[in-house]
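The values are calculated or read from the model by the stated rules, or taken from the named source; none is laboratory data. Given the structure is predicted, the values throughout are model-derived calculations rather than measurements. Cβ placement follows ideal geometry from the backbone for every residue including glycine, while neighbour counts extend to all protein chains displayed.
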Amino acid sequence: MLEKALKGSRGYGIWVAFLLLLAGIGFFFYLKQLDYGLGITGMSRDVSWGLYIAQFTFLVGIAASAVMLVLPYYLHDHKAFGKITILGEFLAVSAVIMCITFVFVDLGQPGRAINLLLYPSPRSVLFWDVIVLNGYLLLNLVTGWTVLGCDRKGIPPPAWVKPLIYLSIPWAVSIHTVTAFIYAGLPGRGFWLTAIMAPRFLASAFASGPALLILFCLILRRFTRFDAGEKAIQTMAKIVAYALATSIFFVLVELFTAFYSQIPGHVQHLKYLFAGLDGHNTIAHWITVSAFTAVAALVLLILPQTRKREPLLALACCFVFLSLWIEKGLGLVVTGFVPSPLETITDYTPTGPEVAITIGIWALGLLMITMFYKIFVSVRTET
Amino acid sequence: MKLYDGGKIIAGIAVFLIVASVPFWYGRGKAVPPPDLKLDTPAIERLKEKLCVEPAPYMRANHMKLLGAWRESVVREGNRSYRAADGKVYKISLTGTCLECHSNKDQFCDRCHDYAGAKPNCWSCHIIPEEVR
Amino acid sequence: MAPTRREFLKIAGVSAIGLVLPTLPGGQISNLSPHITRSAQAGMPASGGVSPTVSGPLPALRAKRWAMAVDAGKCPPGCRDCITACHLAHNVPDFGNPKDDVHWIGLERVDHVFSAETHPRLPESIKGLSVPVFCNHCENPPCVRVCPTQATFQRADGIVMMDYHRCIGCRFCMAACPYGSRSMNYRDPRPFVPKQNPDFPTRTKGVVEKCNFCEERLARGIFPACVTVCKEKALVFGDLEDQGSDVRRLLDGRFSIRRRPELGTGPQVYYLL
């Protein structure tokens, strides 16, 4: 089936070439990073995780969102999703590969990554993250590829695929939860030390992932002969609306706990995030954008008049994606480090090479999605 | 079964075999002399018995294994004493013990390493005393 | 405030002598039987379990629980002797910019180190007092819990160690440390080490480092560099489980506090303010 990704229209070829170019530029800068060290990024002694880990954190959410298609279809027989669960699974595969790549480029000594396997440390959340992410990758790759291959041959999938698909449902919840636990178990970081970190991750995942899927379905409808169906798209949009509402609610709840209790340790981080501290307000500008786009998207998605109009739906989904990319990306990661344990405020600004590497990895992910979806569309439109 | 594009395939296999076997035929006839190791450092001259921590053949074959064991012993167990096979006890230290005698790294260690193409990265952290003095 | 060249050379000279003494010939390559016991020298506690090694004229110091007490009132304003000695002994780099900064000991104001205990009515002389901060070698270290390769681990005597060979540079430990004690080598530190001490390795880029309670000096029977160099004897080190040790006697007699005790980490650096 792989050969289907190698043939396409001119537009397809140009798009693939463009992504390869971005990935190549990113790789070039990664070689520079290997030579110079992580000092080539904007990370510092105080803000020791930055853009790379922010992307990893956000993308784990995207990866888990496959479950939002799989669960209604396989557990509740929601037929409208039957055509597109594979799209969710392939998105999950690409997103998880991006997650692993982002963690890899963030390592100071990537050549020693094998130590993670040579010296297993079950008390470390990162150890479990490696296991659940790779497991999820394997699950979705195997199930997605097998089901699509069987579709192409016109036969039902083998019996062992069903249990694996069922397994992927709680597994999707686990990849989020474990990633949230990376943050939520650290005693020194009050901003992250909240029990609703895992629920927040789940809520934003189930908003941002399906939003991206809707955009992909609209693109596929525009550029190929594959149509996911209006029912499927509208159901996904409603899922995004509910998940987004929950996510916004969770943020408001956090604000209440901090600002009503008025405990300085809690207040300081949220003040930095939403308003800035001592004039350091770059991140506050970004989170303002995130807040406005979230509310705008929620309105557009709740009202059927706007949700049913494709351009506005697309706009709403872009808003959801942008809003949560900010909030669960740098908004989450950098704010945890500011103020530092010694009450200092250190700004973090990603550098050029850091951004280039990040774009390169996104291009790699989009390239995988493009190729997977090309195969999918070729199979679906020829059978 | 018919072999389509046979010409291209056979040609490709031939090119591959030539390229893959380069290490075997490229240097034929040119003998590289074995490394000339210098053991005449002042510290070694001072020794009554010119013996390393373990016998030379053992060290030649296993010094990296020994260093690995030494590393575990010092860093993870906090034990800095090594009892050699002959009963003598040494202080475990790459810079302080090994390089104390073999103070001419570029005429000893590097000669074999360059010959064998080994690039130990120990020196990115462990200091070579000659370079500091 | 950076030391003047003269001050730096003075500290460097004193520290260098202190470092060289235990490594003089007589201890390095020898045929000594490891069962020769040696008596402890004056000033070094004979208690705490003395065990013979061949690493120097003094036997290794052993303890059940190493700890440090900081008598902050004794620190002269502007004094950085402990930092200079530590960084010299351990080849800590000076990158010259706050972003890449690596330090094992820092000097911070009381109102930043003890923000929970600070209130607006404290006099500036107390709020603004500089205290040295370093790794607390916690009883219950969160950094050890999160390390995915056990590159940072806790010894039986309480010291939280770094294995620079195993560290993959993920910086999870830096996120977990509630005290800001750890530094990442974002660049190759070698060119930025002001004066290399050949008795201690440098680190490579891409690994996290921190104070190690001078465990390499303890193995040679001497106390940490910061403790020995402090002219005012503001840093007191020893075995908490040994009732006769300086640190135990000091803590038995005076009120002491620790940093962020509510987090349950059990820090072993005690501050007497």
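Looking only at segment C:158-184, count how many residues are part of a strand (DSSP E or B) and of a type outside the set (A, V, I, L, M).
Total meeting the criteria: 1.
Looking at segment C:57-77, is at least one residue within 11 Å of another protein chain (Cβ to nearest Cβ) and over 30 Å from C:SER245 (Cβ atoms)?
no
Residues to consider are C:PHE223, C:PHE255, C:PHE200; find the one that is within 18 Å of the chain's Cα centre (by Cα) and under 20 Å from C:ALA72 (Cβ atoms).
C:PHE223
(1) more than 14 Å from chain A (Cβ to nearest Cβ); (2) in a loop (DSSP other than H, G, I, E, B); (3) surrounded by fewer than 23 Cβ atoms within 10 Å (Cβ to Cβ); (4) touching a Gly at 6+ places or on another chain (Cβ under 9 Å): which one isn't true of C:ARG187, the others all being true?
(1)
With respect to the numbered conditions (1) hydroxyl-bearing (Ser, Thr, Tyr); (2) within 11 Å of chain C (Cβ to nearest Cβ); (3) touching a helix residue (DSSP H, G or I) at 6+ places or on another chain (Cβ under 7 Å); (4) surrounded by fewer than 20 Cβ atoms within 10 Å (Cβ to Cβ), which one is the sole condition not fulfilled by A:THR146?
Result: A:THR146 passes all but (2).
Confirm whether C:ASP101 is at pLDDT 95 or above, among the charged types (D, E, K, R) and farther than 23 Å from C:GLU215 by Cβ.
The answer is yes for C:ASP101.
Anything in segment A:14-69 that is buried (at least 19 other Cβ atoms within 10 Å of the Cβ) and among the β-branched types (Val, Ile, Thr)? List them, or say none.
A:ILE40, A:THR41, A:VAL47, A:ILE53, A:THR57, A:VAL60, A:ILE62, A:VAL67
In segment C:190-204, what residues are part of a loop (DSSP other than H, G, I, E, B), basic (Lys, Arg) and within 12 Å of chain A (Cβ to nearest Cβ)?
Once the filter is applied, which keeps residues that are part of a loop (DSSP other than H, G, I, E, B), basic (Lys, Arg) and within 12 Å of chain A (Cβ to nearest Cβ), segment C:190-204 yields only C:ARG203.
Select from segment A:312-360 the residues that are surrounded by 18 or more Cβ atoms within 10 Å (Cβ to Cβ), acidic (Asp, Glu) and within 14 Å of another protein chain (Cβ to nearest Cβ) and list them in ascending order.
Of everything in segment A:312-360, just one residue is surrounded by 18 or more Cβ atoms within 10 Å (Cβ to Cβ), acidic (Asp, Glu) and within 14 Å of another protein chain (Cβ to nearest Cβ), namely A:GLU354.
Per-residue answers, yes or no, for (1) over 19 Å from C:ALA219 (Cα atoms); (2) out of contact with any Leu (no Cβ under 6 Å at 6 or more places or on another chain):
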{"position": "B:ARG80", "(1), (2)": "no, yes"}
{"position": "B:ARG83", "(1), (2)": "no, yes"}
{"position": "B:GLY87", "(1), (2)": "yes, yes"}
{"position": "B:LYS91", "(1), (2)": "no, yes"}
{"position": "B:THR97", "(1), (2)": "no, yes"}
{"position": "B:SER103", "(1), (2)": "yes, yes"}
{"position": "B:GLY117", "(1), (2)": "yes, yes"}
{"position": "B:CYS122", "(1), (2)": "yes, yes"}
{"position": "B:PRO129", "(1), (2)": "yes, no"}
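Please state which one of B:PRO35, B:PRO55 is loosely packed, with under 13 Cβ neighbours inside 10 Å and of a type outside the set (Ser, Thr, Tyr).
None of the others qualify; the one that does is B:PRO55.
Being within 30 Å of A:ARG225 (Cβ to Cβ) and either among the aliphatic types (A, V, I, L, M) or part of a loop (DSSP other than H, G, I, E, B) (or both) is true for just one of A:ALA356, A:ALA297. Which residue is that?
None of the others qualify; the one that does is A:ALA297.
Taking the condition of being part of a helix (DSSP H, G or I) and either of a type in the set (D, E, K, R) or in contact (Cβ under 8 Å) with a residue 40 or more places away in the chain (or both), how many residues in segment B:47-79 meet it?
The qualifying residues number 7.
Filter segment A:303-338 down to residues that are over 15 Å from A:GLY50 (Cα atoms) and not basic (Lys, Arg), then give me how many there are.
Restricting attention to segment A:303-338, the residues satisfying the condition of being over 15 Å from A:GLY50 (Cα atoms) are A:303-324.
Those still in the list that are not basic (Lys, Arg) too: A:303-306, A:310-324.
Number of matching residues: 19.
Test A:ALA296 against the criterion of being closer than 25 Å to A:SER94 by Cα and of a type in the set (A, V, I, L, M), and give yes or no.
no
Looking only at segment B:101-133, which residues are of a type outside the set (Gly, Ala, Ser), under 13 Å from B:LEU37 (Cα atoms) and not in a helix (DSSP H, G or I)?
B:HIS102, B:ASN104, B:PHE108
For segment B:104-131, give me each residue that is within 14 Å of chain C (Cβ to nearest Cβ), surrounded by 14 or more Cβ atoms within 10 Å (Cβ to Cβ) and out of contact with any helix residue (DSSP H, G or I) (no Cβ under 6 Å at 6 or more places or on another chain).
B:LYS105, B:CYS122, B:TRP123, B:SER124, B:CYS125
Which numbered condition in (1) over 20 Å from C:VAL14 (Cα atoms); (2) outside any loop (DSSP other than H, G, I, E, B); (3) out of contact with any Ser or Thr (no Cβ under 7 Å at 6 or more places or on another chain); (4) in contact (Cβ under 8 Å) with a residue 40 or more places away in the chain is the only one that C:TYR271 fails?
Of the numbered conditions (1) over 20 Å from C:VAL14 (Cα atoms); (2) outside any loop (DSSP other than H, G, I, E, B); (3) out of contact with any Ser or Thr (no Cβ under 7 Å at 6 or more places or on another chain); (4) in contact (Cβ under 8 Å) with a residue 40 or more places away in the chain, the odd one out for C:TYR271 is (3).
C:GLY266 versus (1) surrounded by fewer than 23 Cβ atoms within 10 Å (Cβ to Cβ); (2) more than 14 Å from chain A (Cβ to nearest Cβ); (3) over 11 Å from the mean Cα position of the chain (by Cα): which is the lone unmet condition?
Exception for C:GLY266: condition (2).
Could you say whether any residue in segment A:53-65 is touching a residue at least 60 places away in the same chain (Cβ under 8 Å) and closer than 13 Å to A:MET236 by Cα?
Checked against the condition, which is being touching a residue at least 60 places away in the same chain (Cβ under 8 Å) and closer than 13 Å to A:MET236 by Cα, segment A:53-65 yields at least one hit.
In the list B:ILE44, B:ILE18, B:ILE13, which residue meets the criterion of being β-branched (Val, Ile, Thr), within 14 Å of chain C (Cβ to nearest Cβ), part of a helix (DSSP H, G or I) and farther than 30 Å from C:ILE159 by Cα?
B:ILE44
Only one of (1) more than 19 Å from the chain's Cα centre (by Cα); (2) in contact (Cβ under 8 Å) with a residue 12 or more places away in the chain is not met by B:ARG83, so which one is it?
B:ARG83 satisfies every listed condition except (2).
Among the candidates B:PRO129, B:PRO120, B:PRO57, single out the residue that is of a type outside the set (Val, Ile, Thr), modelled with pLDDT of 90 or more and under 28 Å from C:VAL208 (Cβ atoms).
On inspection, the qualifying residue turns out to be B:PRO120.
For segment C:117-157, which positions are at positive phi and either within 11 Å of another protein chain (Cβ to nearest Cβ) or not in a loop (DSSP other than H, G, I, E, B) (or both)?
C:GLN150 - this is the single residue of segment C:117-157 that is at positive phi and either within 11 Å of another protein chain (Cβ to nearest Cβ) or not in a loop (DSSP other than H, G, I, E, B) (or both).
Just to verify a result, which residue in segment A:298-311, among those that are in contact with a helix residue (DSSP H, G or I) (Cβ under 6 Å, 6 or more places away or on another chain) and in contact (Cβ under 8 Å) with a residue 60 or more places away in the chain, is surrounded by the most Cβ atoms within 10 Å (Cβ to Cβ)?
Among those residues, the one meeting the criterion is A:LEU301.
Return the residues of segment A:160-188 that are crowded, with 20+ Cβ neighbours inside 10 Å and either in contact (Cβ under 8 Å) with a residue 60 or more places away in the chain or over 21 Å from the mean Cα position of the chain (by Cα) (or both); say none if nothing qualifies.
A:ILE165, A:SER168, A:ALA172, A:ILE175, A:HIS176, A:THR179, A:TYR183, A:LEU186, A:GLY188, listed by residue number.
Taking into account only those residues within segment B:52-92 that are closer than 20 Å to C:THR152 by Cα and in contact with a helix residue (DSSP H, G or I) (Cβ under 8 Å, 6 or more places away or on another chain), which is farthest from the other protein chains (Cβ to nearest Cβ)?
Out of the qualifying residues, it is B:TRP70.
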